[in-house]
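Input: a single structure, listed below in structure tokens.
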Amino acid sequence: MKLTRCIFGSLWLCVLIVPASAQSLRIGSKAFTESYVLGEIAKRTLADAGFASEHKQGMGKTGIVWAALHSGQITCYPEYTGTISEELLKSHGEITTGEMQRELEPFGIGMTGELGFNDTYALVMPKELADRLRISKISDLKKHPGLRVALTHEFLERKDGWKPLASRYGLNMDHVAGVEHTLGYDALLAGKADVKDAYSTDAMLAGGSFSVLQDDLGYFPTYKAVFLYRLDAPIKAIVALRTLEGEIDETRMIRMNSEAEKTKDFTEAASLFFNPAFRKSAGGGAHAPQGFDWTLFLHKLAGWTLRHLELVGISLVLAILVGVPLGIVASRPGSLSHVILGVTGMIQTIPSLALLALLVSVPLLGIQVQTAIVALFLYSLLPIVRNTATGLQEIPSSLRESAAALGLERSAQLRKVYMPMASRTILAGIKTSAIINVGTATLAALIGQGGLGEPIVSGLAINDNRTILQGAIPAAILALLVQFGFGLLDMLLIPKGLRLPAHTE
Amino acid sequence: MIELRGVSKRFGSDYALHPIDLVMNGGRTTALIGPSGCGKSTVLRLIVGLLEPTSGTIVVEKQTVTPADLIGIRRKLGYVIQDGGLFPHLTSRQNILLMPKHLRTAESDSQRRLNELCELTNFPADGLDRYPVELSGGQRQRVSLMRALILDPDVLLLDEPLGALDPLVRSGLQTELKEIFQRLKKTVVFVTHDMAEAGYLADTIVLLQSGKIVQHGCLEDLRERPANSFVTEFMSAQRSLVQL
Ligand SMILES: Nc1ncnc2c1ncn2[C@@H]1O[C@H](COP(=O)(O)OP(=O)(O)OP(=O)(O)O)[C@@H](O)[C@H]1O
Ligand SMILES: [Mg+2]
């Protein structure tokens, strides 16, 4: 009784949360520092123009955020001209800003003028290594095919990414691997990789430990930052966004990026932009790092944990409600059983990140909490379905015969004999699902849905292990608690007769 | 009374039971006997409707066994399977009272019936709240028997009720079963391997071989007027076992 009330409570909560923000503007951003900061700048600018707005931080890669904008889940997000022409419009050769604006129009999307800075791709190396090997241009890499190249997955896959770059420069590197951006910097510093891709405004480049290789053949297109917005956004909001045109140059952006990585506070970094002193000179010294604020952290932790539990709880309950009946059907011989186990098994083989990306592109889902819940639900199905089916199949045929011969109807056989006897196996399946679910739910942060993944995603974005641990440790503890909780539940739900040690005669 | 008319059972291309005609009279005890795999359990499974006959009809207490009437017929039958078939997640009491509870029989009625059965089967009352794993083999058989008798069925079917027990317990229970059968005056059909047991407990013996009835009669008939050499061999093999 209490449990059901609790479940319905959280379902209700979920219903309340989602449409509550329908009235306000939503700003999206991709999962890296600069995009976060630009998103915060847009939020503040729109707030100053009188719009209540919400920033869905770090929603993911280009495809996800673009889909969210296109389907109306967000109103605007920061993008780069190079990405727009190559990835979104798939145009060949350079096109002007004006042409881009015209080609975006049929999508219902508008584009502000350039904000000022050019955040193009670049290849970087540890400065000391580059100096030693006398490498200053990308062409110089040709003489060193043995250098280990660690590229972000996005750069590896982009049409204007690594492959055409290598063929343009005639590079034939022996080791090319895909590594997440900030982990790539760690690899470079630790001497585990030698070359990686970077953005020309990366905060990491401020310190002077890395050399940016000159793009001597002019390969990289320009990546001027702009905002993309929906043409159906309020005119006043569009006007407000356009006031940012030409206001942010490279120095300012690098400065804000490094401020963001130092303070781990994007709002704070973005607020620099609105500080008149900063506008005059971007050079100045950074803030001294502040001491760790425990009250703030615990407050945030409580929020993340609650959200995490909500994601896990709702998706798990749905998975039980659907998975157990499916498992019962699958326990009976026949082709339906193969179909059910086959499909749920196949879902499990889709990498969780890919599943999330797939679901985001489904029309009715998109960037919202339901999408994360659907993904977690699908992920939780297999262990529950499979364990329910095997638990029921494992019941000895002599007991099935007894149950039938007593004159119990099929439903009564299931309720009074089969389900209690399979309870241990079914609970084990639910427990597996719950534990997987606690871990996988951290991915919800990738589409801006919070939970304990939020500090992990932002930690990865700003290259800060401490922030990552703020999410990773509680998530691990939560998984242990779930495991422990199910241990107690076993005592409660598995009939005593099945827990007794077998009689030895 | 149970009647099998031209009943056969085929699994794939093999006949577990060739078409047989068999009448088991009401109020009498019939033993099914024969070598392992000859089709004894198959006969009982067909009567309870756990198997559908390949041919023929089965009539239990004037009611033809059809899939539609199965639930009703099964509630008039008490069936104890080869290894007891007690549900491990239920105590003895819960096992026995599963059906009365399901049928919402008045608590006081089923309690009275339970007490009678405990007395009939000689089952210690403190065993009622133990789980099957906490009982001895003989006690488990008694609980299975009580579960089969709780709805006061017209017919009692027992598949090797004493099969898995050690000889001492077994002979004790044989005496008890004989008494129980005499007191109940029900139609009883039981399966056994042991000719002495069949002769002691049953009025009529049905000897099966490879899915066919070889001889049907009392112990006297089988001993004195064997139908063929197989019956003679079977009887002498059993006798030599006893003489060992
Ligand atoms: N479900 C089934 N599928 C295929 N063959 C079966 C099936 N059930 C029984 N049989 C076969 O039917 C024959 C008769 O089986 P049955 O269980 O009636 O033997 P039984 O006389 O009870 O033997 P036992 O004394 O060993 O219990 C055996 O050859 C057995 O292999
Ligand atoms: Mg048998």
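The values are calculated or read from the model by the stated rules, or taken from the named source; none is laboratory data. As the structure is a prediction and not an experimental result, all values here were calculated from the model. Glycine gets a Cβ as well: all are built from the backbone with ideal geometry, and neighbour counts include every protein chain shown. Just the protein is used for accessible areas: all its heavy atoms, side chains included, with ligands, DNA and RNA removed. Shrake-Rupley method; radii C 1.70, N 1.55, O 1.52, S 1.80 Å.
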Using the Cα atoms of chain A to build a convex hull, what is its mean projected area in square nanometres? 30.5 nm²
On average, how much area does the Cα convex hull of the range A:294-498 cover when viewed from any direction, in nm²? 13.4 nm²
Give the average, rounded to an integer, of partner chain Cβ atoms located within 10 angstrom of each Cβ in A:494-501. 5
How many Cβ atoms of partner chains, on average, are near each residue of B:41-50 if near means within 10 Å of its Cβ? 2
To the nearest 10 degrees, how steep is helix B:229-243 against the longest Cα principal axis of chain B, on a 0 to 90 scale? 50 degrees
Could you tell me how far the Cα centroid of the range A:464-505 sits from the Cα centroid of the range A:302-328, in Å? 16 Å
Estimated 222 nm signal from helices in chain B, with DSSP H stretches of n ≥ 4 weighted -39500 (n - 2.57), rounded to 500: -12500 deg cm²/dmol
In nm, to one decimal, how far is the modelled label at A:L493 from the one at A:E180, with both set 7 Å along Cα→Cβ? 3.2 nm
For chain B, shape from the Cα gyration tensor axes a ≥ b ≥ c, cut at a/c of 1.5 then a/b versus b/c, turns out oblate
Would you please give the residues with an amide H less than 5 Å from that of B:L17, counting only those at least 5 places away or on a separate chain, with H modeled from the backbone geometry? B:K9
Could you work out the helix-only [θ] at 222 nm for chain A, with each DSSP H run of four or more residues adding -39,500 (n - 2.57) and the total divided by the number of residues, to the nearest 500 deg cm²/dmol? -17500 deg cm²/dmol
Taking every DSSP bridge whose two residues both lie in chain A, the antiparallel percent to the nearest 5 is 55 percent
Output the pairs from B:K9/B:K186; A:K142/A:K224; A:K30/A:K264; A:K163/A:K192; B:K9/B:K76 with a Cα-Cα distance over 18 Å in this structure; if there are none, say none. B:K9/B:K186; A:K142/A:K224; A:K163/A:K192; B:K9/B:K76
Restricting to bridges with both residues inside the range A:121-212, how much of the DSSP beta-bridge set is antiparallel, in percent to the nearest 5? 55 percent
Pull out the extension gain between B:C218 and B:V133, defined as 0.36 nm times the separation in residues minus the alpha carbon to alpha carbon distance; nm, one decimal. 26.8 nm
Burial ranking of peptide ranges B:131-139, B:202-210, B:82-90 (average Cβ count within 10 Å, highest at the top): B:82-90, B:202-210, B:131-139
About the Cα centre, charge dipole magnitude for the protein assembly as shown (Lys/Arg +1, Asp/Glu -1 at Cβ), debye: 1300 debye
Expected integer from the mean partner chain Cβ neighbour count at 10 Å over A:394-403 is 5
When you count, for each residue, the other Cβ atoms within 10 Å and take the mean per peptide, how do B:174-181, A:42-49 rank with the highest first? A:42-49, B:174-181
When the charge dipole of chain A is computed with +1 on Lys and Arg Cβ and -1 on Asp and Glu Cβ about the Cα centre, the Cα farthest towards its positive end, among A:I350, A:L481, A:M491, belongs to A:M491
Shape call, the range B:148-212: gyration tensor on alpha carbons, a/c limit 1.5: oblate
How much of the accessible area of the protein assembly as shown, in percent, comes from carbon and sulfur atoms when a 1.4 Å probe is used? 58 percent
Checking the table B:K40/B:K62; A:K496/B:K40; A:K43/A:K236 against a 25 Å threshold on Cα-Cα, which pairs fail? A:K496/B:K40
Roughly how far apart, in whole Å, are the Cα centres of the range A:233-277 and the range B:52-84? 82 Å
What is the range B:1-125 by shape, rounded, prolate or oblate, if you read a ≥ b ≥ c off the alpha carbon gyration tensor as root eigenvalues and call it rounded for a/c under 1.5, prolate for a/b larger than b/c, and oblate otherwise? prolate
Measure out, as a whole number of angstrom, how far apart the alpha-carbon centroids of the range A:368-393 and the range A:59-87 sit. 31 Å
Arranged from highest to lowest average of other beta-carbon atoms within 10 Å per residue, in what order do the peptides A:177-188, A:243-254 appear? A:177-188, A:243-254
Which angle between 0 and 90 degrees, to the nearest 10, do you get for helix A:250-263 versus the longest principal axis of chain A when only C-alpha atoms count? 40 degrees
Roughly how tilted is helix B:137-149, in degrees to the nearest 10 and between 0 and 90, from the longest Cα axis of chain B? 80 degrees
Value of relative contact order over chain A, rounded to a whole percent, pairs C-alpha under 8 Å and six or more apart: 17 percent
